[in-house]
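Here is the structure we will look at, set down as structure tokens.
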Amino acid sequence: MIINLLSRAITMSTPLFFGSVSEVVAERSGVMVTAIEGIFLLGAWGGFVGTYLWGNAIFGLLLAMICGIAVAAIYGVVTIFMKQHQVVTGTALNILAIGFCAFFQRVLFGIPQIPLQIQPLSVIPIPILSEIPVLGELFFNKNILTYVAYVIIPIIHYMLYHTSLGLAIRSSGENPQAADVAGINVNRLRFLTVLFAGMMGGIAGAFYSVGFLGMFTTNMIGGRGWIAFAICFLGNWQITGAVIGTFVFGLAEALAIYMQSIGGGGFFPNELFIAFPYILTIVLTVMRRNFSVPANLGIPYIKEG
Amino acid sequence: MKRILNATWRDMVLTNFAAIVAGIVLSGALLLFLGIDPIFVFSTSIRAILTDGYTAADILLKATPLIMTALAFAFTYKANLFNIGAQGQFYMGAIAAIWLSLELQNRIPTALLLLIVLIGALAAGALIGGLIGFLKARFDSNEFLVSMMSSYVVLALMNYLLRTFLKETKGEYPQTDPIARSAWLPNLIKGTRLHYGFIISVLFAVLIWVLLYKTTLGFRIRAVGQNSRASALSGISPTKIYVIAFLISGALAGVAGFTEMNGVQHMLIQDFNPEMGAAGLGIAILANANPIGIIFASILYGALNVIGTQMGRIPGANVPSSIVSLMQGFVMLFVIMAYYARTKIASRREKNKRKREAALS
């Protein structure tokens with residue numbers, strides 16, 4: 001049972017990995033991607049539409065990435081180049097995303113008699129590795145997106161801390177004036193990290209529709225984008241912190257699903273388990289001290305002169 | 001000096017107007033995807049509003065709770081704090097309002113009941129808001145995240161209560177019993193749904209304006225918002241201000257729960273009005289967090305809402321309800337862009353002025 005729970009935790013962590021790790025990259029460059037909830041939602045929708053219309057999850061994932069990048073591009077233009085408030089812009093885009101998805105769902109599919117279904121991504125056991133007792137079930141019996149996460153996270157970690165690109169990103173968030181003097185185009189770099197977060201957030205959203213449920217509703221993200229956003233804070237703007245935080249939330253979500261399936265043991269109401277990840281966020285936010293916030297997080301960079 | 005002030009006013013009106021029109025036109029154009037003639041549905045629904053008092057009054061009805069949630073956001077915004085959890089505080093107010101109404105109805109006179117319910121809803125919202133403010137003041141925890149997450153927790157609490165203690169006597173759906181007529185907020189205009197809640201909301205807006213701009217507390221709140229370190233040095237305790245600002249903010253959102261329960265819905269239903277908090281934020285931004293401006297911006301949002309619903313009622317047109325959030329989202333986005341346009345216009349004006357002065361000398 002515990003192995004089952006942990007295995008499910010890793011599955012449920014997958015979208016949060018994509019969301020929180022890319023949020024870390026964007027925030028280290030100085031931009032909070034507060035449109036993340038809308039990016040997730042549009043990713044979920046794009047993933048569903050692509051898969052349904054072209055019958056192949058690859059197209060779904062591609063469309064999800066494009067949708068995520070599109071939201072991120074609007075967000076980036078308004079917050080970075082027009083220098084408008086990040087929280088406010090994000091909220092506007094999150095509302096717009098709900099209306100947009102509901103509207104174009106109707107444009108494409110009308111009002112279907114029965115809910116539209118797609119085949120969720122299948123589990124691909126990795127030969128040999130999946131045979132290993134315990135570890136095989138935990139790590140190597142997942143769908144493709146989880147494997148992508150395994151590969152991409154170390155790459156992002158390496159990029160952020162051990163390459164000149166990573167240094168440029170981190171200095172844009174810490175001291176944009178100095179970065180500018182060193183010849184880095186701060187705003188362009190920030191815009192690119194936001195687009196990157198859009199792409200990754202799109203995949204994250206697609207996980208819920210294409211990878212997991214095989215359907216789409218406008219309330220299916222239900223604050224998961226915000227949780228990824230919170231994990232970035234709680235993980236202290238570090239990739240490793242985000243990975244640990246993601247796993248904790250994946251576990252919370254797996255536990256919630258498990259407790260609901262056994263009826264809460266009869267004593268605790270289901271709603272408590274639904275609220276559990278959100279309560280956990282509040283508790284961790286309150287407990288967490290000594291953040292090392294990127295010094296220029298959320299502050300638009302205005303070139304002197 | 002006066003000319004510049006007039007010019008900025010004119011910019012504000014013109015750019016915001018352009019943003020609103022652009023948002024509506026763009027959403028209307030999207031209707032073409034559904035093969036709907038946007039000019040026909042817009043003109044039909046606007047005609048319905050102009051000719052039918054019931055529908056016209058619905059605009060103010062829809063604006064009523066929005067004024068409160070927008071005030072809730074604006075109030076903390078003035079202290080440079082973010083209360084993203086107005087939705088949860090609104091739900092909390094609604095829970096308190098419906099529970100108190102069901103307990104007290106037909107036992108005490110209507111006026112007394114409504115007063116108690118108003119205070120109850122206000123206190124319930126203030127409880128959640130105050131908790132967020134306390135966590136911010138005591139533990140310096142990020143109020144943006146905590147308030148955001150609190151909404152989801154309150155939503156779960158509401159669903160729990162609707163399934164258990166507050167469930168209707170028939171026991172069929174997750175909703176409460178309807179409250180008795182004697183516990184309703186009285187009608188403001190006969191033959192419409194508009195109720196006294198609108199007056200209450202407007203009064204609160206005026207009250208908040210006075211509080212912010214005419215009292216020492218308001219001055220302190222705005223001082224903390226402008227520079228918390230400087231105001232701490234001058235003897236204002238920012239932590240105290242955090243708690244007070246969030247208490248009041250939560251209370252305002254809680255009142256919206258009261259006006260919706262006792263004025264409109266008369267019962268608590270699962271998942272009702274899910275966009276109240278986010279729409280309030282949009283309105284506060286549109287009004288530049290000015291309490292009086294919020295009244296008018298809320299009426300605009302109410303109008304968009306009623307136009308959308310009216311379109312949905314046109315027989316054979318099949319306009320989806322998502323047109324409302326499309327319009328609201330686009331308007332909000334363009335209003336944000338209008339801020340940018342204004343700074344551009346202002347800086348160009350400044351440059352021209354300097355050029356003129358240079359040419360003169």
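The values are calculated or read from the model by the stated rules, or taken from the named source; none is laboratory data. None of the values given here were measured: they were computed from a predicted structure. So basically every Cβ, Gly included, is an ideal-geometry build from the backbone, and we count neighbours across all protein chains shown.
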### Task
Write out, first by first residue and then by second, each pair whose Cβ atoms fall under 7 Å of each other, whose residues are 6+ apart or on separate chains, and whose first residue, in the stretch A:3-19, is without any contact (Cβ under 8 Å) to a residue 12 or more places away in the chain while the second is hydroxyl-bearing (Ser, Thr, Tyr).
none
### Task
May I ask you to verify whether A:Ala149 is within 14 Å of chain B (Cβ to nearest Cβ) and either out of contact with any His (no Cβ under 6 Å at 6 or more places or on another chain) or without any contact (Cβ under 8 Å) to a residue 24 or more places away in the chain (or both)?
no
### Task
Check every one of the helices (runs of 4 or more DSSP H) wholly within the stretch B:225-344 and list those with 1 or more residues that are more than 30 Å from A:Ala72 (Cβ to Cβ).
B:228-233, B:238-258, B:291-313
### Query
Here is a list of conditions, (1) within 14 Å of another protein chain (Cβ to nearest Cβ); (2) outside any helix (DSSP H, G or I), and A:Gln113 meets all of them except one; can you say which number that is?
(1)
### Task
Kindly indicate whether B:Ile314 is more than 9 Å from every other protein chain (Cβ to nearest Cβ), touching a residue at least 24 places away in the same chain (Cβ under 8 Å), under 20 Å from B:Tyr77 (Cα atoms) and in contact with a helix residue (DSSP H, G or I) (Cβ under 6 Å, 6 or more places away or on another chain).
no
### Answer residue from the stretch A:222-276, given it is within 12 Å of chain B (Cβ to nearest Cβ) and not in a helix (DSSP H, G or I) and is farthest from A:Leu41 (Cα to Cα) among those
A:Phe268
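Conditions (1) over 19 Å from the mean Cα position of the chain (by Cα); (2) modelled with pLDDT under 90; (3) of a type in the set (Ser, Thr, Tyr); (4) on the phi > 0 side of the Ramachandran plot, marked per residue:
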site	(1), (2), (3), (4)
B:Val13	yes, yes, no, no
B:Ala22	yes, no, no, no
B:Leu30	yes, no, no, no
B:Leu34	yes, no, no, no
B:Pro38	yes, no, no, no
B:Leu50	yes, no, no, no
B:Thr64	no, no, yes, no
B:Ala72	no, no, no, no
B:Thr76	no, no, yes, no
### Message
Please go through the stretch B:123-134 and give me each residue that is crowded, with 24+ Cβ neighbours inside 10 Å and either outside any helix (DSSP H, G or I) or hydrophobic (A, V, I, L, M, F, W, C) (or both), ordered by number.
### Response
B:Ala124, B:Ala126, B:Ile128, B:Ile132
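Does B:Thr110 count as farther than 17 Å from B:Gly254 by Cα, free of Cβ contacts under 8 Å to residues at least 12 places away in the same chain and polar (S, T, N, Q)?
Numbers: farther than 17 Å from B:Gly254 by Cα: yes; free of Cβ contacts under 8 Å to residues at least 12 places away in the same chain: no; polar (S, T, N, Q): yes.
Considered against the rule, which asks whether it is farther than 17 Å from B:Gly254 by Cα, free of Cβ contacts under 8 Å to residues at least 12 places away in the same chain and polar (S, T, N, Q), B:Thr110 comes out as no.
Looking at A:Val87, A:Val77, A:Val107, can you tell me which residue is at the interface with chain B (Cβ under 7 Å from one of its Cβ atoms), farther than 22 Å from B:Tyr77 by Cβ and surrounded by fewer than 23 Cβ atoms within 10 Å (Cβ to Cβ)? Talk me through it step by step, then tell me what you get.
Values: A:Val87 fails: farther than 22 Å from B:Tyr77 by Cβ; A:Val77 fails: at the interface with chain B (Cβ under 7 Å from one of its Cβ atoms).
Step by step, each of A:Val87, A:Val77, A:Val107 is checked, and only A:Val107 is at the interface with chain B (Cβ under 7 Å from one of its Cβ atoms), farther than 22 Å from B:Tyr77 by Cβ and surrounded by fewer than 23 Cβ atoms within 10 Å (Cβ to Cβ).
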### Query
Which number in (1) modelled with pLDDT of 95 or more; (2) closer than 20 Å to B:Ala72 by Cα marks the one condition that B:Ile116 misses?
(2)
### Query
Quick check, is B:Val154 within 13 Å of chain A (Cβ to nearest Cβ), β-branched (Val, Ile, Thr) and within 19 Å of B:Met267 (Cα to Cα)?
yes
### Summary
By residue number, the members of the stretch B:264-296 that are within 10 Å of the chain's Cα centre (by Cα) and either of a type in the set (Ser, Thr, Tyr) or within 14 Å of chain A (Cβ to nearest Cβ) (or both) are B:Glu275, B:Met276, B:Gly277, B:Ala278, B:Ala279, B:Gly280, B:Leu281, B:Gly282, B:Ile283, B:Ala284
### Message
Within the stretch A:44-74, take every residue that is surrounded by fewer than 24 Cβ atoms within 10 Å (Cβ to Cβ) and within 14 Å of chain B (Cβ to nearest Cβ) and give me the one that is nearest to B:Gly282 (Cα to Cα).
### Response
A:Ile74
### Summary
Here the qualifying pairs (Cβ atoms under 9 Å; residues six or more apart or on different chains; first in the stretch B:191-202 and touching a residue at least 40 places away in the same chain (Cβ under 8 Å) and on the phi < 0 side of the Ramachandran plot; second assigned to a helix (DSSP H, G or I) and of a type in the set (D, E, K, R)) come out as B:Thr192/B:Asp58; B:Arg193/B:Asp58; B:Leu194/B:Asp58; B:Gly197/B:Glu260
### Query
Looking at the stretch B:81-103, is at least one residue surrounded by fewer than 24 Cβ atoms within 10 Å (Cβ to Cβ), assigned to a helix (DSSP H, G or I) and of a type in the set (Ser, Thr, Tyr)?
no
### Task
Inspect the stretch A:289-304 for any residue being of a type in the set (Asp, Glu), in contact with a helix residue (DSSP H, G or I) (Cβ under 6 Å, 6 or more places away or on another chain) and either assigned to a helix (DSSP H, G or I) or over 26 Å from A:Pro154 (Cα atoms) (or both) and give the result as yes or no.
no
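Condition check: farther than 27 Å from B:Asn305 by Cα, in contact (Cβ under 8 Å) with a residue 24 or more places away in the chain, in contact with a Ser or Thr (Cβ under 6 Å, 6 or more places away or on another chain) and more than 9 Å from chain B (Cβ to nearest Cβ). Does A:Leu138 satisfy that?
Values: farther than 27 Å from B:Asn305 by Cα: yes; in contact (Cβ under 8 Å) with a residue 24 or more places away in the chain: yes; in contact with a Ser or Thr (Cβ under 6 Å, 6 or more places away or on another chain): yes; more than 9 Å from chain B (Cβ to nearest Cβ): yes.
When the stated conditions are applied, A:Leu138 passes them.
Here's the yes/no breakdown for (1) in contact (Cβ under 8 Å) with a residue 40 or more places away in the chain; (2) surrounded by fewer than 17 Cβ atoms within 10 Å (Cβ to Cβ); (3) not aromatic (Phe, Trp, Tyr):
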position: A:Val181; (1), (2), (3): no, yes, yes
position: A:Ile184; (1), (2), (3): no, no, yes
position: A:Val194; (1), (2), (3): yes, no, yes
position: A:Gly198; (1), (2), (3): yes, no, yes
position: A:Ile203; (1), (2), (3): yes, no, yes
position: A:Tyr208; (1), (2), (3): yes, no, no
position: A:Thr218; (1), (2), (3): yes, no, yes
